[in-house]
Amino acid sequence: MTKRKVYFNHDGGVDDLVSLFMLLQMEDVEVTGVSIIPADGYLEPATDASRKIIDRFSTYQVEVSKSNSRGKNPFPSDWRIHSFYVDALPILNESGTMEAPLSDLPAHKHLIETIRKTEEKTILVFTGPLTDLSRALEEAPEIEEKIEKLVWMGGTFEKGNVQEPEHDGTAEWNVYWDPEAAYQVWQTGIEIDLVALESTNKVPLTPAVRNRWAKERCYEGVDFLGNCYSGVPPLVYSETNSTYYLWDVLTTAALGREELVKRKVVKCSVIPDGPSQGRTVIDPAGKPVNLVYDTDPDAFFSYLTELAKKAAP
Ligand code: AGV
Ligand code: CA
């Protein structure tokens with residue numbers, strides 16, 4: 001089987017790290033590189049956790065790179081701290097070692113190098129801000145031709161999740177962290193599969209989802225899922241700004257099994273500055289993207305558990 005070549009850039013949230021775990025289990029995917037941007041997580045624990053996940057759950061070696069990008073609008077530290085919880089999980093620390101190779105290059109250069117040396121076109125999966133991609137394209141615009149498509153968790157056409165002073169609340173955080181980067185990527189011809197905030201409405205973390213994982217914790221991979229998500233707040237009675245959805249995990253699942261979601265083409269653009277900075281808006285003159293607008297939650301959660309069972313029975 002020829003495997004699809006996937007480069008993964010994430011920002012160290014719980015669902016980012018679970019997404020890495022999942023990508024590594026997909027039989028028709030080869031992860032050609034992983035990089036970590038310190039947006040919704042801290043760089044050191046998010047990088048260490050990524051290397052430990054590769055060590056524990058990958059059947060092949062993957063090189064990891066740290067980003068030196070910094071955003072315009074920092075994430076709340078209450079959320080960023082989650083990266084420490086995952087890094088500290090006993091299952092990732094049993095061996096006491098970290099073997100997955102760490103690149104000397106910063107993420108945007110690692111991305112350029114990996115795309116260049118991969119013979120086939122690369123699928124990019126980004127589950128944090130687009131800063132490293134924007135910098136890579138600025139430094140080496142010719143890599144655009146070797147990018148098959150970008151699969152991104154970012155944006156919203158409904159209600160935003162940014163609640164910060166000096167902002168009107170219309171943006172999604174991955175865009176808001178570096179609105180200029182998203183704006184720049186929107187100016188390219190790269191095909192984008194977009195998982196926006198509302199794409200994930202049907203996949204909140206709930207007590208029922210947690211109980212399902214608890215029941216099957218005899219599988220090490222399922223126990224890992226349960227432990228990862230034990231550190232973040234579920235949806236119980238009503239939503240708060242901290243309520244956790246499986247945002248990035250739906251993004252990676254939609255790559256692994258395309259038929260889990262429904263997509264439609266929408267034309268849209270990114271507002272780069274001002275009080276609505278980071279907002280994505282429907283715009284007839286904008287860039288066409290493939291927006292995920294619906295999913296089957298049962299099929300999604302079954303797929304997730306299936307992959308986890310395969311990882312560590
Ligand atoms: O806006 C969703 C993005 C996803 O990439 N992240 C979390 C996912 O990794 C930011 C975010 C929004 N609300 C959050 C977030 C919350 N309540 N906790 C942590 N991160
Ligand atoms: Ca993320």
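None of the figures in this text is laboratory data; all of them are computed from the coordinates on show. A quick note: this is a predicted structure, and the numbers were derived from the prediction, not measured. Every residue, glycine as well, gets a Cβ built from its backbone with ideal geometry; the counts of neighbours run over all protein chains shown.
Annotations
- Unique residue being more than 30 Å from VAL266 (Cβ to Cβ) and among the polar types (S, T, N, Q) when the list is ASN174, ASN201, ASN227: ASN227
- Qualifying residue in the stretch 144-165 (condition: assigned to a helix (DSSP H, G or I) and either without any contact (Cβ under 8 Å) to a residue 40 or more places away in the chain or under 22 Å from THR252 (Cβ atoms) (or both)): yes
- Considering the stretch 1-89, the qualifying helices (runs of 4 or more DSSP H), each wholly inside and each with 2 or more residues that are in contact with a Leu (Cβ under 7 Å, 6 or more places away or on another chain) and either within 14 Å of ligand 2 (Cβ to nearest atom) or within 20 Å of LEU250 (Cβ to Cβ) (or both), run over 14-23, 43-57.
- Cβ-Cβ under 7 Å pairs, at least 6 apart or on other chains, the stretch 167-192 side outside any loop (DSSP other than H, G, I, E, B), far side buried (at least 20 other Cβ atoms within 10 Å of the Cβ) and of a type in the set (S, T, N, Q): VAL175/THR280; TYR176/GLN277; PRO179/GLN277; ALA181/THR131; ALA181/SER134; GLN184/SER134; VAL185/SER134
- Selection within the stretch 113-131 - within 16 Å of ligand 1 (Cβ to nearest atom) and over 13 Å from the mean Cα position of the chain (by Cα): THR131
- Some residue of the stretch 98-111 being among the aliphatic types (A, V, I, L, M), within 15 Å of ligand 2 (Cβ to nearest atom) and crowded, with 24+ Cβ neighbours inside 10 Å: yes
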